[in-house]
Amino acid sequence: MMNTSNPSTCLPNWRAEFDCLLETMRGFGSHGQLVDVRESLRYVLGPNRPLVMLCPHADDGAITAACLIHEYAVRRGLPVIEVLVFAGERNVAAPWLNDQKKISVREAEFRLECNVLGAEAVCWDLEGYRMPGYLPSRADVDKVVEWFGKRRPGGLILPPANDAHAAHRVTRVLGAIGLLGAGLTDTLVLTGWTPWGPLAHPNAYFSYDGEAERTKEWAIHCHASQVLLTDYTQYCSHLGRAYAALIREWAEGHSLAGRAHRTDDRFVGVELFQVDSFDAQRCKNYPSDPIQITLGLLSGQIAAEPPKAADAGRVPVDPGENLKAAAVAPL
């Protein structure tokens with residue numbers, strides 16, 4: 001039976017503002033439902049539908065998803081592509097090298113990592129890296145859309161929407177633009193954790209064993225210019241093992257199938273992911289999540305509107321606005 005009593009007369013501590021606070025709990029859905037990401041990837045990858053990771057910088061693939069990449073590229077023999085979006089020459093602590101040499105160093109480290117993990121290496125070297133706020137040029141957008149149309153990712157790994165690094169956030173926007181421009185309605189979008197931003201809604205995991213952990217360490221050590229600055233090997237080891245300590249409760253206590261999901265007792269670490277699906281509530285966030293906008297546009301749940309004449313020449317302040325404009329404006 002519904003409680004129809006008036007809180008203001010029955011409960012002396014009740015305040016009208018409490019309703020607004022309680023309203024923030026709506027739309028969250030069920031909690032703690034983590035599944036093995038391999039189940040989500042089972043039906044979307046194939047010989048002509050690769051697993052693609054957009055790496056804002058050369059070492060992001062190794063840090064975020066080295067074990068997952070190696071599993072599909074080497075152990076399963078499926079096409080996996082790592083895309084270096086920005087070379088990142090600013091973070092090479094070698095003042096005796098000019099910028100072009102620094103770019104060469106980071107690209108060489110990136111290709112070495114891809115060789116270790118078994119992935120195909122692609123370098124975009126976009127103009128946006130040298131622009132204020134990493135804002136991509138129209139030529140960058142055209143290049144991204146054309147690439148997505150040719151390679152047609154079955155699965156796409158991107159940085160989080162709440163990532164603190166501007167290059168990472170722009171990379172997520174470019175991934176959204178690529179999906180929208182190529183009309184890829186069936187690509188599975190995965191968000192991976194990075195040192196710059198935790199996952200807001202983790203719902204999938206990839207457990208790895210000791211051999212895979214050593215492969216991840218090797219991949220990270222390919223980036224000598226970065227390991228000299230930050231020990232990402234130690235960071236990934238501790239984080240992966242921390243997630244492994246929790247994953248049994250996350251997966252078994254709240255299985256989507258309604259029954260305990262027995263994980264492999266041999267695993268030592270976990271890479272955590274977020275399988276993205278359209279959520280109208282999350283489209284209202286500020287700043288906007290470009291992936292949520294794209295998923296809504298591709299599914300027809302958001303209508304694409306042409307930009308208003310009054311907005312012509314206005315500088316967007318939200319990456320989501322850049323995406324909306326790029327989605328409807330001719331290149």
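The values are calculated or read from the model by the stated rules, or taken from the named source; none is laboratory data. Note that the structure is predicted; figures quoted are calculated from it, not measured. Methodologically, a virtual Cβ is constructed for each residue, glycine included, from the backbone with ideal geometry; neighbour enumeration extends over all protein chains shown.
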Worksheet item: Given the conditions (1) at pLDDT 95 or above; (2) part of a loop (DSSP other than H, G, I, E, B), which single one is not true for I81?
Response: (2)
Response to the item:
Among (1) at pLDDT 65 or above; (2) more than 18 Å from N203 (Cβ to Cβ); (3) in a loop (DSSP other than H, G, I, E, B), P330 falls short only on (1)
Response to the item:
Checked segment 104-121 for anything within 20 Å of the chain's Cα centre (by Cα) and either crowded, with 18+ Cβ neighbours inside 10 Å or in a helix (DSSP H, G or I) (or both); matches are F110, E113, C114, L117, A119, A121
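If we keep just the residues of segment 154-194 that are β-branched (V, I, T), in a strand (DSSP E or B) and farther than 19 Å from N48 by Cα, which is modelled with the highest pLDDT?
That would be T191.
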Worksheet item: In segment 48-60, what count of residues is obtained for those that are under 12 Å from the mean Cα position of the chain (by Cα), modelled with pLDDT of 95 or more and not hydrophobic (A, V, I, L, M, F, W, C)?
Response: 0
Worksheet item: From the set of residues in segment 288-317 that are part of a loop (DSSP other than H, G, I, E, B) and at pLDDT 70 or above, which is surrounded by the most Cβ atoms within 10 Å (Cβ to Cβ)?
Response: D289
Fill in: Residue under evaluation R138, criteria (1) surrounded by fewer than 16 Cβ atoms within 10 Å (Cβ to Cβ); (2) in contact (Cβ under 8 Å) with a residue 24 or more places away in the chain; (3) in contact with a helix residue (DSSP H, G or I) (Cβ under 8 Å, 6 or more places away or on another chain), criterion not met
(3)
Worksheet item: Could you list, in sequence order, the residues of segment 185-201 that are surrounded by 17 or more Cβ atoms within 10 Å (Cβ to Cβ), of a type outside the set (G, A, S), within 11 Å of the chain's Cα centre (by Cα) and over 20 Å from Q301 (Cβ atoms)?
Response: L190, W193, T194, L199
